[in-house]
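The values are calculated or read from the model by the stated rules, or taken from the named source; none is laboratory data. Here the structure is a predicted model, which is why all the values come from computation and not from measurement. Reconstructed Cβ throughout: ideal geometry from the backbone, glycine too, with neighbour counts over all protein chains shown. Note: accessible area is taken over every heavy atom of the protein model, side chains too, but ligands, DNA and RNA are not part of it. Shrake-Rupley method; radii C 1.70, N 1.55, O 1.52, S 1.80 Å.
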Amino acid sequence: MVYRHNADDGLSRRRLLTAFGAMTTLAGCTADEFGTTRTDGTAGTDSGGSGPSDSNARWPAIEAGETLSTFEDLGKWSSLSGEITAAPNEARIGSQAAVIQSDGEEAGAKIEFSDSLDLVEWDVSLAVKPESADRIVVEFLAPTRSRRLASVRPVPEEYNGWFRMDCGSQQKPGGDPNLSNVTGINVVAQGPDGGSTRLLVDDLRRTQSAANGAAILSFHGGYQSHYDIAAEMLAERDWAAAVPVTPDQMGSEGRMGGDELRELRDRGWDICSLPQPSTPLPEQSADQQRQILETAQDALVDAGFTDGSRHLFVPDGRMDAATYDIARDVHESAFLFSAGTTGVPPTEMHMIPFIWGPALHTGVRRHANHSDQYNQLTVVRVPRIVDADDVGVDENRISLDDFGLLLDHFEQRGLNVITPSDLVDKRFERADGDKETTNRKRPSGVVLEAGQSHTLEGSGSSDSQTFDLDNGVLVANVSHKGSTITVDVTDVNGSGRNENLLTTAGNATGESIMAVESGTYRLEVDADGAWSIELTQPAVRAGDLSDLPVQTSGTGSAFVGPLWTESDVRVETTHDGDGQFIVDGYGADGSREILVYKTGEFDNSRSYKAGGVVWVNIEADGNWTLEIVES
């Protein structure tokens with residue numbers, strides 16, 4: 001049973017493709033959606049979009065894009081640890097695959113390109129079989145290892161079969177990589193503790209990337225807060241999302257019912273499959289796993305969610321080779337809790353990684369930045385949305401403030417927010433080598449008019465009286481007769497989100513800046529002594545703008561700007577304090593991007609999607625340095 005019926009009880013698109021493949025197998029091959037051919041008679045979506053033209057080839061080899069290595073000539077590869085040898089019995093395409101193995105906990109191999117390789121506007125993938133590997137790392141030396149871009153893929157514990165690894169970027173341990181000058185690729189397998197390591201590889205190739213980075217928001221479980229809060233916030237941006245649900249939990253306490261889910265479906269959302277078996281899928285037989293997946297899919301189709309039922313979110317992040325094969329047969333895409341970005345679309349459509357939304361400041365923003373920089377896809381799981389005070393120890397929650405910051409970050413980074421159906425049906429643009437750029441003209445005269453000013457005083461923790469602000473920037477000069485103070489700003493007519501204005505400890509004074517829209521606000525002050533806060537909205541003129549590079553240092557809270565930036569910039573910063581260290585970028589257009597959100601010492605750099613007139617705000621409890629340069 002494979003996604004059998006559409007809403008009108010006719011044959012589904014997937015079954016029509018399968019039937020078409022069966023009819024044309026006698027003629028030798030079928031055409032898939034990339035205009036390429038397959039020889040196994042199956043629909044192109046089963047292989048992530050294309051299949052190999054070699055009659056002896058087997059999935060996960062593909063024919064889309066350009067070959068980087070077929071592993072036929074292992075003389076082009078060298079060992080990093082362990083050994084790399086031929087594996088003719090495991091060939092996916094051609095006469096042999098390769099096995100990278102060692103008796104230790106890591107094995108790796110490297111291929112070098114004497115003329116260097118241009119991977120700008122390209123995604124890279126390869127066929128892998130982790131027979132004894134917990135994690136696979138692919139590094140692009142651009143041009144050296146100190147300027148590498150790394151893709152890291154954890155392997156599900158029970159999985160030891162073939163799949164295709166899309167090498168979405170996840171780490172930039174050194175300086176900014178230059179993907180137009182890739183001199184080598186490392187493939188490294190990390191094995192189990194105390195055990196040997198063995199990874200089979202084949203068909204390393206590049207495929208054309210999308211024209212823009214993308215994101216999918218997955219509202220796991222279909223909680224009521226997803227409908228009451230998230231749906232409205234996404235509608236304001238004209239975005240749609242995915243809601244993976246367990247059919248027999250629809251309408252249960254705290255979850256959306258059928259009518260609410262169908263309303264979201266009609267807005268373009270995907271209502272997807274999230275079966276919840278009492279026994280994990282890999283601990284059941286293949287027949288039992290198939291029955292679970294098919295039963296959940298049938299229930300969604302019967303409830304009117306035919307499009308969404310094409311997409312599976314694998315429960316508990318657990319998958320073995322049987323789960324994978326059945327998912328490929330039943331569904332057009334499958335998402336698995338993992339790590340990293342992936343291509344748009346992935347070449348592997350049935351092991352698409354998604355990450356944990358509440359890890360906003362410890363990975364999610366970085367993934368979104370990489371998706372923007374390298375035109376890749378980030379999939380984020382969003383749990384139920386609650387007030388910050390209600391997050392507590394229950395990790396299956398995200399605060400309203402953090403959820404709002406997540407949406408703001410996607411918007412600031414210019415990601416296309418899409419659905420699984422958009423991905424499968426290829427509703428996005430391919431890169432064409434002529435990426436649109438914005439030619440910014442340096443302003444003259446007045447950039448921002450002067451606005452309101454207010455002085456607020458108090459002692460200890462309390463809320464201020466309300467006050468009005470105009471569009472522009474808000475500068476706060478804070479004096480405090482205690483050890484720590486945190487000041488948040490709330491739009492009293494808004495969604496209830498708080499935005500931090502100042503956080504510092506051990507400093508009697510501080511200065512901060514943020515972008516605001518016209519409205520009525522109040523301050524929420526958390527302090528252990530008397531305080532006074534002067535709020536001003538200064539005029540900004542062209543003559544006030546400073547050019548890059550800018551280098552400065554300080555202690556506690558401060559800001560830098562206004563600055564004139566042509567485009568993206570790099571912010572290099574250090575901090576020697578023990579408390580929070582927060583660096584934000586604000587634009588005269590009202591934009592905001594969180595650059596650093598850490599506790600304790602810090603010494604690193606961050607990209608900032610700037611462009612135009614901007615400020616950089618620093619909240620710290622220690623000494624800091626800051627350098628802003630063109631990216």
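Observations, loosely collected:
- Against the conditions (1) at pLDDT 95 or above; (2) not in a strand (DSSP E or B), Glu157 satisfies every one except (1).
Here's the yes/no breakdown for (1) in a loop (DSSP other than H, G, I, E, B); (2) surrounded by fewer than 21 Cβ atoms within 10 Å (Cβ to Cβ):
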| residue | (1), (2) |
| --- | --- |
| Met165 | no, no |
| Gly174 | yes, yes |
| Pro177 | yes, no |
| Val187 | no, no |
| Pro192 | yes, yes |
| Leu199 | no, no |
| Asn212 | yes, yes |
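- Residues satisfying the stated conditions in segment 507-524, i.e. of a type in the set (A, V, I, L, M, F, W, C) and either touching a Cys at 6+ places or on another chain (Cβ under 9 Å) or surrounded by fewer than 19 Cβ atoms within 10 Å (Cβ to Cβ) (or both): Ala508
- The residues listed here are Thr306, Thr246; of these, the one that is farther than 24 Å from Val380 by Cβ and modelled with pLDDT of 95 or more is Thr306.
- Among the conditions (1) assigned to a strand (DSSP E or B); (2) without any contact (Cβ under 8 Å) to a residue 60 or more places away in the chain, the only one that Val473 does not satisfy is (2).
- The residues of segment 577-630 that are open to solvent by 40 Å² or more (accessible area, probe 1.4 Å) and closer than 24 Å to Gly543 by Cα, listed by number, are Asp589, Gly590, Arg592, Lys609, Glu627, Glu630.
- Listed conditions (1) open to solvent by 10 Å² or more (accessible area, probe 1.4 Å); (2) at pLDDT 95 or above; (3) under 24 Å from the mean Cα position of the chain (by Cα) are all met by Gly317, apart from (2).
- Yes/no for His454 being at pLDDT 95 or above and either of a type outside the set (D, E, K, R) or crowded, with 18+ Cβ neighbours inside 10 Å (or both): yes
- Test set (1) of a type outside the set (Asp, Glu); (2) open to solvent by 50 Å² or more (accessible area, probe 1.4 Å); (3) under 25 Å from Arg570 (Cβ atoms) - Arg135 fails condition number: (3)
- Total residues in segment 533-574, condition closer than 28 Å to Leu406 by Cα, open to solvent by less than 10 Å² (accessible area, probe 1.4 Å) and part of a strand (DSSP E or B): 6
- Members of segment 93-120 that are closer than 16 Å to Arg198 by Cβ, of a type in the set (D, E, K, R) and not in a strand (DSSP E or B): Asp103, Glu105
- Condition met for Gly251 (open to solvent by 10 Å² or more (accessible area, probe 1.4 Å), outside the structural domain of Asp302 (by the TED database) and either over 23 Å from the mean Cα position of the chain (by Cα) or on the phi > 0 side of the Ramachandran plot (or both)): no
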